[in-house]
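Here the structure is laid out as structure tokens; the discussion comes afterwards.
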């Protein structure tokens, strides 16, 4: 009986994950060698820790190759198709908060809402000979929000692997869908968030894979979730 | 049947269908299975991306397995600079991702490009689809449903609705949900946020040049090109248009008239009269759109189809921006899945790059659904 718990391998998310685990009485004994990606919890041979990137964690939980993991809700919803049938958010951990938002240039004084953007997108091709372009690394979230929630069909997604907020000025896209914490990067790039343009209020979550386990493993996963929920809430 | 490989998977009805198309003056064209993906995504929208099979060439070009035939047939027509009018037929597999069931389906259909006699071409498209289904499903009661985007747009124009609203409603046509949402919005518009100075004053004065100048300087501060995307003039115009609509609401009369129109669902031979009654009671004139509609009704009856099997449903449409007039579906009994679907797409060829406007109408038939209805002899 062993449970694999994946936690982010670097940055603030890693530190905050270790903190909340320690608070829950699950202190990770870090490997002496930084390049090792496995670790143990002190006194717990039944829990194995795997260090992975936050987006890998979402994918691995979706595939069921790890049991539990700490990752962003944005990454879970973006990287795992049909995520609700394969995974469940056991608890939200209260750190790593960030919003996935639709932002347009400040100069678009006439565009305040998604309905405005719908109008603009509908006429874009006729006026400019191409569809409205959205730069994002959130393909799935963008499609769901634009196409399924707001019925906006005519736009093209331009893949952006970094510095998405610079895409309008660089001329590679007209608007963006990106993650923001304080909005200062957007403001610095002369972009504004639409009034109803918050796609997701994301934060770090403990996520559980819904694969079938032995009842002992299931109980153990439940206990870990419960103690992390208490630690995050306290 | 020439170039078509007769694998064991090919529907047994395929040779009869190809013979029918040839007899009706629509020779078969070959369409490669592997297609550039951009035209499909450009025309149908990004949502298509999760329903098609995408791949990439060695040079990084996005390719897909053909999800349908209309766009490649039109692209071929443009590339070959063939004269018009011209009719093309096709029969082959299309590939779509679905959660359940298979990912490969056989489709057959006809695209009719460049015929300036709109009513005749529309009627012939319906008749072609009907003939195919009558041949492959003998004895089955076929039900034809017909809608018309241009009639809906004529009603919106006759109601005197502002341009922005007409566009919004026209693109929701065919989706009851989106149309209801758009109507609710117009009956109770959202409050606009307060504008900062000097924008508020410029808008109040309707000073388009002043506004455009202000927007242009905002754009240049942000490093935005004033020509690569939305222009300062375009933003200024829409801003003033929006301000003018701020106090306007969709009137109760207009709302009632639209509801009454959308509820029209009658046999085709009574449709023109029903539309005239509606127009008269609402005090509207539908002009050329109604004349075109009546001409099509006459052309359909000239094709000799059973007119009591055809219904006109005023709310029936497809929310894609290249459909411009007729849309139709043919099904058997109460089956929810249509066997054939078609429509007029007068904007499509221009969107795909044709130098001059080329009208087009066409339909596609789901051969797998026909085979299922035919039972074991597939």
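Only the coordinates and a few stated rules stand behind these numbers; no lab work does. Values in this document were obtained by computation on a predicted structure and should not be read as measured data. So basically every Cβ, Gly included, is an ideal-geometry build from the backbone, and we count neighbours across all protein chains shown.
Peptide packing for A:60-66, B:99-105, B:259-265 was compared via the average number of neighbouring C-beta atoms within 10 Å per residue; ordered from the highest value, the list is A:60-66, B:259-265, B:99-105.
Here's the picture: a label point sits 7 Å out from the Cα of residue A:37 along the beta-carbon direction, and within segment A:43-58 the residues with their amide nitrogen under 18 Å of it are A:48-58.
For chain B, the longest principal axis of the Cα atoms and the long axis of helix B:163-172 meet at an angle of about 30 degrees. Plugging the Kirkwood radius over Cα pairs into Stokes-Einstein for segment A:1-73, at a temperature of 20 °C and a viscosity of 1.002 mPa s, what D comes out in µm²/s? In µm²/s, the coefficient is 175. Dividing the C-alpha radius of gyration of chain B by 2.2 N^0.38 Å, with N its residue count, gives 1.13.
Could you tell me which of rounded, prolate or oblate describes the protein assembly as shown, using a ≥ b ≥ c as the square roots of the eigenvalues of the alpha-carbon gyration tensor, with rounded for a/c under 1.5 and, failing that, prolate when a/b is larger than b/c and oblate otherwise? Taking the square roots of the gyration eigenvalues as a ≥ b ≥ c, the protein assembly as shown is oblate.
Over all residues in A:148-155, what is the mean tally of Cβ atoms on other chains that come within 10 Å of each residue's Cβ?
5
Take every Cα pair under 8 Å whose residues are at least 6 apart in sequence, average their separation, divide by the length of segment B:199-245, and the relative contact order is 42 percent. Please work out, to two decimal places, the log10 of the ratio I(q)/I(0) at q = 0.07, 0.15, 0.18 Å⁻¹ from a Debye calculation in which every Cα of chain A carries one identical scatterer. Relative scattering, expressed as log10 I(q)/I(0), comes to -0.28, -0.96, -1.21.
For the options B:28, B:299, B:180, a Gaussian network treatment of chain B with springs between C-alpha atoms closer than 10 Å singles out B:180 as fluctuating the most.
Modelled this way, with points 7 Å down the Cα-to-C-beta line, the labels at residue A:97 and residue B:248 are 4.2 nm from one another. Between residue A:22 and residue B:204, the modelled labels are 6.0 nm apart [label points 7 Å from Cα along Cα→Cβ]. The mean sequence separation of alpha-carbon pairs under 8 Å and at least six residues apart, normalised by the residue count of chain A, gives a relative contact order of 29 percent.
For segment B:282-378, rounded, prolate or oblate, judged on the Cα gyration tensor with a ≥ b ≥ c (square roots of eigenvalues), a/c < 1.5 rounded, else prolate if a/b > b/c? Note, shape of segment B:282-378 comes out oblate. Springs between Cα atoms under 10 Å define the GNM used for chain A, and in it the highest mean-square fluctuation of A:38, A:133, A:92 occurs at A:38.
Length available on full extension from residue A:201 to residue A:85: 0.36 nm per residue minus the Cα-Cα distance, which gives 39.7 nm.
If R0 is taken as 45 Å, the Cβ-Cβ distance between residue B:285 and residue B:30 corresponds to a FRET efficiency of 0.40. Taken along its principal axes, the alpha carbon cloud of segment B:199-245 reaches lengths of 29, 16, 13 Å, longest axis first.
Calculated on the alpha-carbon coordinates, the convex hull of segment B:103-200 measures out at 246 cubic angstrom per residue.
Taken residue by residue and averaged, Cβ atoms of other chains lying within 10 Å of the Cβ of B:156-169 number 1. Mean partner shielding of peptide A:98-108, defined as the number of other chain Cβ atoms within 10 Å of each residue Cβ, is 4. Of the candidates B:327, B:240, B:266, which one comes out as most mobile in a Gaussian network treatment of chain B with C-alpha springs shorter than 10 Å? Most flexible of the set in this elastic network: B:240. Per residue, the convex hull spanned by the Cα atoms of segment B:1-80 amounts to 142 cubic angstrom. With each label modelled as a point 7 angstrom along the Cα→C-beta vector, the residue B:334-residue B:368 pair spans 2.5 nm.
On a 0 to 90° scale, report how tilted helix A:54-63 is relative to the longest principal axis of chain A, with both axes built from alpha carbons and the result rounded to the nearest 10. Here the helix axis deviates by roughly 70 degrees.
How big is the antiparallel share of DSSP beta bridges in chain A, given as a percent to the nearest 5? Close to 65 percent. Computed across segment A:122-234, the Kirkwood hydrodynamic radius from all distinct Cα-Cα pairs reaches 17.2 Å.
Mean residue ellipticity, 222 nm, helices only, chain B: the sum of -39500 (n - 2.57) across DSSP H runs of n ≥ 4, divided by residue count and rounded to 500, is -13500 deg cm²/dmol. Helical content alone sets the calculated 222 nm signal of chain A at -10000 deg cm²/dmol, taking -39,500 (n - 2.57) per DSSP H segment of four or more residues and averaging over every residue. For helix B:149-158, report the angle its Cα long axis makes with the longest principal axis of the Cα atoms of chain B; keep it between 0 and 90° and round to the nearest 10°. That works out to roughly 30 degrees. Once C-alpha pairs closer than 8 Å and six or more residues apart are averaged by separation and normalised to the residue number of chain B, the relative contact order reads 24 percent.
For segment B:162-278, the alpha-carbon coordinates run over 61, 30, 24 Å along the three principal axes, in decreasing order. So what's the gap between the Cα centers of segment B:330-359 and segment B:298-326, to the nearest angstrom? Between the Cα centre of segment B:330-359 and that of segment B:298-326, the gap is 11 Å.
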